[in-house]
Amino acid sequence: MCSPSTPSSRPPLGNENHSADAFNDSYPVAFNDSTTTNVFDGVKLQHVVLCASVLAAVAACGSSTSTNEVLVKNYAFPPIAATPGEKLKLVDGDDEPHTVTADDGSFKFGPFNPKAPGLLVAPTKPGTYVFHCEIHPTMHGTLVVQNS
């Protein structure tokens, strides 16, 4: 059990000596030498550097990896607009799987289904792409890729 220190064993309030040695001398049980203090300072610095690195990575990911959602429902594709290389999350609102296949063969994705959405990356070349579902030949759609 810890017993409180007596007023004479710790520095008075307002003491201007904030060095590690003064702290260690005042509280010998918590920090008994300067190496312990240096280890703690190093750990604190490592945590700050690690946190800063993680925050920078999260900020970079958040700005460059946004994914727009495309809901395919009632066996129909909505009109889709995207920027070159944009990621499009394909969500199936029907009971059966679908594919997204460009009529000109420039991209082909699928199948995706209600339990497993798909991820289509838009072509890098701007243009209008007509596509269809290989499973349901009556399903057609258009993807317009243009620079932002």
Exercise. In straight Cα distance, which lysines are under 23 Å from LYS73, not counting same-chain residues fewer than 8 positions off?
Worked result: LYS87, LYS89, LYS108, LYS115
For this session: Report, by chain and number, residues whose modeled amide H sits under 5 Å from the one on HIS136, excluding near sequence neighbours (fewer than 5 apart, same chain).
Result: THR99
Seminar exercise, completed: Heavy-atom accessible area of region 68-148 with neighbours in place, 1.4 angstrom probe: carbon+sulfur share in percent works out to 53 percent
Exercise. Given H placed 1.01 Å from N in the peptide plane, which residues other than close sequence neighbours of VAL70 have an amide H under 5 Å from its amide H?
Worked result: LYS89, LEU90, VAL91
Exercise. So who's got an amide H within less than 5 Å of the one on VAL121, skipping anything under 5 residues away but keeping other chains? H placed 1.01 Å off N, in plane.
Worked result: LEU88
For this session: Restrict the search to region 86-143; then list the trypsin sites (Lys or Arg not before Pro) that DSSP places in a loop and that have at most 12 other Cβ atoms within 10 Å of their Cβ.
Result: LYS115
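The values are calculated or read from the model by the stated rules, or taken from the named source; none is laboratory data. What you are looking at is a predicted structure, and each value in this text was computed from that prediction instead of being measured. Counting neighbours? That spans all protein chains shown, and the Cβs are built from the backbone with ideal geometry, glycine included. These area figures cover heavy atoms from the full protein model, side chains too; ligands, DNA and RNA do not enter into them. Shrake-Rupley method; radii C 1.70, N 1.55, O 1.52, S 1.80 Å.
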